[in-house]
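Novice: Sharing a structure, written as structure tokens. Questions coming.
Every number here is computed from the coordinates shown, using simple stated rules; none is lab data. Every value quoted in this text rests on a predicted model; they were computed, and no experiment measured them. Cβ: placed from backbone, ideal geometry, glycine included. Neighbour counts: every protein chain shown.
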Amino acid sequence: MSANATGSEASSAGESASTTADGRLRADLVLEYPFNRTTGEIIGAFLTGLREGVIYGVRTSDGSIMAPPTDYDPNTAEPLTELVEVGPAGEVKSWTWCAEPRRQQPWNHPFAWALIRLDGAHTHMLHAVRVASPAEMRIGMRVEPKWNAERQGHICDIAYFEPVAG
Amino acid sequence: MSAKIPKPTALAKPVQLPERIANVEQVRSVRTPISLNYDFIPGQAAQAYLTAFGEKRILGQRSPVDGAVFVPPRGVDPRFGVATTEYVELPDKGHIGSFCVTQVPIPGRDDLELPYISAWIFLDGADIGFIGLVGECDTADCRIGMRVEAVWKDDDQIAQTAENIKWWRPTGEPDVAFDQAGGRGFAARQAARADGTGHASQPNSANPASQ
Amino acid sequence: MRDIAIVATSMVQTLAMDTDTEVEFMVPVISDVKRQVSMEAQDFGFICSGSSDFLAGQAFSFVHTLDAVGAVPPISESHVEMDGAWALYEAWVKLQLGEVDTALIYSYGKTSPGSLRDVLATQLDPYYVTPLWPDAHSLAALAARIGLESGQFTATDMAAVAARSLRNATDNPLAVRSAKTHPNLTTAENILAEAEVVPPLRELDCAIDVDGGVAVVIAAEDEARRLCDRPVWIRGIDHRIDAQNIGARDLTRSESAAKAAAQAGMANGCFNGEKLDFIEFYAPYSYQELILLSELGLIDELGLSADGSGGANGDDFINPSGGVLAGHTMMGSGLMRLAEASQRISQGKGDRALAHATSGPLLQQNLICVLEGE
């Protein structure tokens, strides 16, 4: 996106410029930013764990386990340092259905959004559950991660969750 | 600064890595790019400006308060928050209000030879300037007050885009006086108005084209 | 504490403001409030605005919209990347400090060029959540299902909120969705027959995103009385925030709304023991209104039914404007709730009202303002 001081934001869109149905000028504008974020120790450990195929939570000030973990207690701001392995399976605590993934979403098939309480954790993790239809989703169902074969330390190292067989 | 600043206690507790990830390379950063799409439709003033620009005409708007002329138009006199609705057609001639000789390339503009000159172009009859390139001019010859005219792209390449004007080249006419060039003439007229001694603005009255 | 009142308001809202830039559509709104109080930009002690660059797709976009104010000679100005209700709070603090006696506040959102559902994903945890790009409706659906499953409210309750919004919005010229556009969906029963587009949410459970803007003038004490016939006094105002992590919050609660209300003088659904005449909630999803009613103690103490129908107080008790389900201006709807309540009080349609604003995902941050007529 580059707006030239002669006033034409539309000009930067080049070939994507066109007109509306009623003849007014329009243009595609794409705003992109290539964030490369420093993780810090706890988030870095969580993402390292994903790369190694294991999920970690962190013990919070009241002793409960938060997964995914953050460096500080969301309630007290106390620094958190004790990593605890959780899951990898867990329980669906809420869900909704996405019939058509939106452009930015990392899936090209229908899926359920779910809040998942990983075994041993007390908080919920947001991720996708892959099933054929919403009829297969229910609160309380057991799910486990489907790992990508090639992992880099990213939340999408878990391709999605799927129902625990049996 | 002393290197002996103690680490804040909040950060002092060490994180004990679990055995399973203690001896592997730690993830220190993660790429999370964002991309958002917009369907951009210019507002009324920009629609009019760009449509005219696609016909090699330059439109400004006149302030209903004191007659100042703004180009490109934005539908408002920004000094007073008053809507502007009167369009003014401006010539593709003006002068340089200020300029900069640049030694670094613009991404995507391989056609630009370095160094190039960018400048605030004040069109005859306009009170504010807008940015453009200066071409067909040695960098040593460029100066504030120098008279310039637009060099348009070939007609078959003209569209509703700010890229229609390739650059501005010297006309060889006598310069605008330094103390009347760029925003200084406008500032003087505004000051006179604030003092109550001024009359309705005469945009760029120093310029031949507006006399 | 100084007495501070809302003395002028102006709003604009439509489905897509696609012939005007933010500057072009805010000039008439800001000019309108300036005219109401016969003041120029330089006459205000303070000017504060709220907007978001992610809606405009442009960095520091608010500096452009200052063109609509008239900033020469230079004005005293500030901006928040928040709903305008928080801009009003900043201005209110400045008046309380006694630094100034008047303030102009405005905010606006033009979401039609982009997709707000997706843009809002960028406000979430950047490591764990944003890379998955959950859209706003899906997150609300996850929270609503927990409320339904726990028995806190029912699908009928949610549909009743949506149906009341359509009925109340009928005469609101700013409403984009109302009984006029959906004449067959003004009862909970009919809404329940509609499809769940983001289950368990139906289309009418989700606010319709629109473009709009709002401007408000506040003034202290005698200045307020001088500037208008019936000042609408801000009797209590506070805002509180919950943790951002949606996986670590109880999504069926909004503790920050309850705390803000208590700090603003609310207890057991009343303000200083006095009943409210009406409420304007900023609840972009029907279920969120039910949570807010619960947190404010209004369901229990005012004999309201949990379906949000207003109980004995009738439809007009909650969101007489139709609320944001009828039209949601991101960055504007909170300040619009205060403006709606103020206008209604000015028109004599009530003396005491609660206006609410929210920000962040799933009722994370909440502002409560109690307004009273002179």
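Novice: Taking beta carbons within 10 Å but only from partner chains, what does the mean come to for residues A:114-123? Could the numbers behind the result be given before it?
Specialist: Working: counts 1, 8, 1, 1, 0, 0, 0, 2, 2, 5.
Mean shielding count: 2.
Novice: Another question, if that's okay. Which of the peptides C:101-112, A:141-152 is most tightly packed, and how do the rest follow, judged by the mean count of other Cβ atoms within 10 Å per residue?
Specialist: Values: C:101-112: 26.6, A:141-152: 15.4.
Top of the packing list down: C:101-112, A:141-152.
Novice: When the Cα centres of region A:103-166 and region C:253-293 are compared, how far apart do they sit, in Å?
Specialist: Each part reduced to its Cα centre gives a spacing of 36 Å.
Novice: Which one of A:Ile158, A:Ala21, A:Phe46 has its Cα pushed farthest toward the positive end of the charge dipole of chain A, where Lys and Arg give +1 and Asp and Glu give -1 at the Cβ?
Specialist: Ranked along the dipole, the leading option is A:Ala21.
Novice: Dipole of the protein assembly as shown (Lys/Arg Cβ +1, Asp/Glu Cβ -1, origin at the Cα centre): which of C:Ala267, C:Ala159, C:Val210 lies farthest to the positive side?
Specialist: Result: C:Ala267.
Novice: Set the Förster distance to 51 Å, then compute FRET efficiency between A:Asn148 and B:Leu114 from the Cβ-Cβ distance, nearest 0.05.
Specialist: 0.65
Novice: At a 10 angstrom cut-off on C-beta neighbours, averaged per residue, how do the peptides C:80-88, C:133-141 rank from highest to lowest?
Specialist: On the way: C:80-88: 26.4, C:133-141: 24.2.
Ranking the peptides C:80-88, C:133-141 by packing returns C:80-88, C:133-141.
Novice: Per q in 0.06 1/Å, what log10 I(q)/I(0) does a Debye calculation on the alpha-carbon atoms of the protein assembly as shown return?
Specialist: -0.44
Novice: Could you work out the relative contact order of chain A, using alpha carbon pairs under 8 angstrom and six or more residues apart, expressed as a whole percent? Don't skip to the answer; put the middle values down first.
Specialist: Numbers: 322 pairs, mean separation 28.2, N = 166.
Value for chain A: 17 percent.
Novice: Just rank C:His328, B:His95, fewest to most, by other beta-carbon atoms within 10 angstrom. Kindly include the intermediate steps, with their values, before the conclusion.
Specialist: Details: C:His328 26, B:His95 29.
Ranked by crowding around the Cβ, least crowded first: C:His328, B:His95.
Novice: Quick check of the Kirkwood formula: for chain C, what is the inverse mean of 1/r over all pairs of different Cα atoms, in Å? Intermediate results must be reported in sequence, preceding the final value.
Specialist: Working: mean 1/r = 0.0490 Å⁻¹.
Averaging 1/r across every pair of different Cα atoms and inverting gives 20.4 Å.
Novice: Other chains' Cβ within 10 Å of C:154-160 residues: what's the mean? Could the numbers behind the result be given before it?
Specialist: Numbers: counts 0, 0, 0, 0, 0, 0, 0.
Partner Cβ neighbours, averaged per residue: 0.
Novice: Just grab the label-to-label distance for B:Thr85 and A:Ala99, each label 7 Å out from Cα along the Cβ direction, in nm (one decimal).
Specialist: Between B:Thr85 and A:Ala99, the label points sit 4.7 nm apart.
Novice: Average partner chain C-beta neighbours within 10 Å, per residue of A:136-147? Write down the numbers at each step before the final one.
Specialist: Numbers: counts 0, 2, 1, 5, 1, 0, 0, 0, 0, 0, 0, 0.
Averaged over the peptide's residues, the number is 1.
Novice: Per-residue ellipticity at 222 nm for the protein assembly as shown, helices alone: DSSP H runs ≥ 4 residues times -39500 (n - 2.57), over residue total, nearest 500 deg cm²/dmol? Walk me through the intermediate numbers first.
Specialist: Details: 18 runs with 160 residues, N = 751.
Helix-only estimate at 222 nm: -6000 deg cm²/dmol.
Novice: Also, I was wondering about something else. Taking the beta-carbon count within 10 Å as an exposure proxy, list B:Asp155, C:Asp209, B:Asp141, C:Asp315 from fewest neighbours to most.
Specialist: Numbers: B:Asp155 7, C:Asp209 25, B:Asp141 10, C:Asp315 14.
In order of increasing Cβ crowding within 10 Å: B:Asp155, B:Asp141, C:Asp315, C:Asp209.
Novice: Using the Cα centre of chain C as the reference point, and only Cβ charges (+1 on K/R, -1 on D/E), how large is the resulting charge dipole? Debye, rounded to the nearest 20.
Specialist: Values: 25 positive and 51 negative charges, 59 e Å.
Computed charge dipole of chain C: roughly 280 debye.
Novice: Using square roots of five times the C-alpha gyration tensor eigenvalues, list the equivalent-ellipsoid semi-axes of region C:237-298 in whole Å, biggest first. Don't jump to the answer; show the numbers that get you there.
Specialist: On the way: eigenvalues 91, 36, 17 Å².
Semi-axis lengths for region C:237-298 are 21, 13, 9 Å.
Novice: In chain C, with Lys and Arg counted as +1 and Asp and Glu as -1 at Cβ, which of these residues, C:Ala339, C:Ala56, C:Ser76, has the Cα nearest the positive end of the dipole, that is, farthest along it?
Specialist: Most positive-ward Cα: C:Ala339.
Novice: For region C:68-186, what does the equivalent ellipsoid look like in terms of its semi-axes, each the square root of 5 times an eigenvalue of the Cα gyration tensor, given largest first in whole Å? Each step should come with its number before you reach the end.
Specialist: Details: eigenvalues 241, 106, 56 Å².
They are 35, 23, 17 Å, listed largest first.
Novice: Counting DSSP beta bridges with both partners in chain C, what percentage is antiparallel, nearest 5? Provide the component values of the computation, followed by the final result.
Specialist: On the way: 43 of 57 bridges.
Antiparallel: roughly 75 percent of the beta bridges in chain C.
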